[in-house]
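The values are calculated or read from the model by the stated rules, or taken from the named source; none is laboratory data. The structure displayed is predicted, hence computed values, not measured ones. Every residue, glycine among them, receives a Cβ derived from its backbone with ideal geometry; neighbour counts consider all protein chains shown. With ligands, DNA and RNA removed, areas are computed over all heavy atoms of the protein, side chains included. Shrake-Rupley method; radii C 1.70, N 1.55, O 1.52, S 1.80 Å.
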Amino acid sequence: MEDKLRNIKKNILANEWATLYRVDYDYKFENGDWRTLSRESYDRGNGTGILLYNKAKKTVILTKQFRMPAYVNTPADGMSIEVCAGALDKNEEPEVCIIREVEEEVGYKIDSAKKVLECYTSPGAVTEKMFLFIAEYDDSMKINDGGGLEIEDEEIEVLELPFAKAIEMMQNFEIIDAKTIMLLQYAQINGLLS
């Protein structure tokens, strides 16, 4: 890529919860022409998500919480059904993050998780790379009610659903979160609950 990019300049447009940059750069097209382009890039760090599944009960653990950006786009989408997820702390390993988030958000203690996907959900605007995991759970792993952290202003409803119901909710557009759709489809394609 270095031979196609030059003169990269980042200007901060906003720096509150995350950083919004305007990035100006020269880009070399296939025909050899150089053009000066400008794009906005929202840097909120990287994130993790996990599908917790129980083979014996054929269930999955999901969360339901209010998401202001979804509400701004379509008010009816404000309450979002998603896999357990969270933002990585600086220099934190994704697996460490997701194990912590599982305990905070849904109240289960897991020892490990298997990474199955890495993705950018909106690479044209957001820098966030998602590290997506799966892990089996059972009732003995439940150590608290979950619900998120009050100091992070989280109010998370924990949902234990039959896997078939979660797939139906995805097909009926009740679940419209990208990371959740990817993990549910991963589970379906790979027969995790068969």
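Counting other C-beta atoms within 10 Å, and keeping those with at most 13, which DSSP coil GluC sites (Glu not before Pro) do you find in the stretch 1-97? Of the GluC sites (Glu not before Pro), the ones in loops of the stretch 1-97 whose Cβ has at most 13 other Cβ atoms within 10 Å are Glu16, Glu30.
Of the residues Ile50, Ile12, the one with the largest accessible area comes first in the ranking Ile12, Ile50, computed with a 1.4 Å probe on protein heavy atoms. Using helices alone, I'd like the mean residue ellipticity at 222 nm for the chain: each DSSP H run of four-plus residues gives -39500 (n - 2.57), total over residue count, nearest 500. Helix-only estimate at 222 nm: -6000 deg cm²/dmol.
Within the chain, what is the longest stretch that has no chymotrypsin sites (Phe, Trp or Tyr not before Pro) placed in a DSSP loop and near at most 16 other beta-carbon atoms within 10 Å? Don't skip to the answer; put the middle values down first.
Values: sites that count: Trp17, Phe29, Phe173.
The segment 30-172 is the longest one with no such site.
Helix 178-189 and the longest principal axis of the Cα set of the chain meet at an angle near 60°. What is the stretch 113-194 by shape, rounded, prolate or oblate, if you read a ≥ b ≥ c off the alpha carbon gyration tensor as root eigenvalues and call it rounded for a/c under 1.5, prolate for a/b larger than b/c, and oblate otherwise? It comes out rounded by the Cα gyration axes. Full extension of the chain between Ser41 and Asn91 yields a length gain of 15.9 nm, computed as 0.36 nm times the residue separation minus the alpha carbon distance. The charge dipole of the chain, taken about its Cα centre with unit charges on the Cβ atoms of Lys, Arg (+1), Asp and Glu (-1) only, comes to about 740 debye.
With 29 Å as the limit on Cα-Cα distance, the pairs of Lys10/Lys114; Lys28/Lys115; Lys64/Lys114; Lys109/Lys165; Lys114/Lys142; Lys57/Lys129 that go past it are Lys10/Lys114; Lys28/Lys115; Lys57/Lys129. The phi-based Karplus calculation (6.51 cos²θ - 1.76 cosθ + 1.60; θ = phi - 60°) puts the 3J(HN,Hα) values of the stretch 88-100 at 6, 6, 4, 6, 8, 6, x, 5, 4, 4, 5, 4, 5 Hz, whole numbers, x for Gly and Pro.
Pull out a ≥ b ≥ c, the square roots of the eigenvalues of the alpha-carbon gyration tensor of the stretch 47-190, then state rounded if a/c is under 1.5, prolate if not and a/b is larger than b/c, and oblate in the remaining case.
rounded
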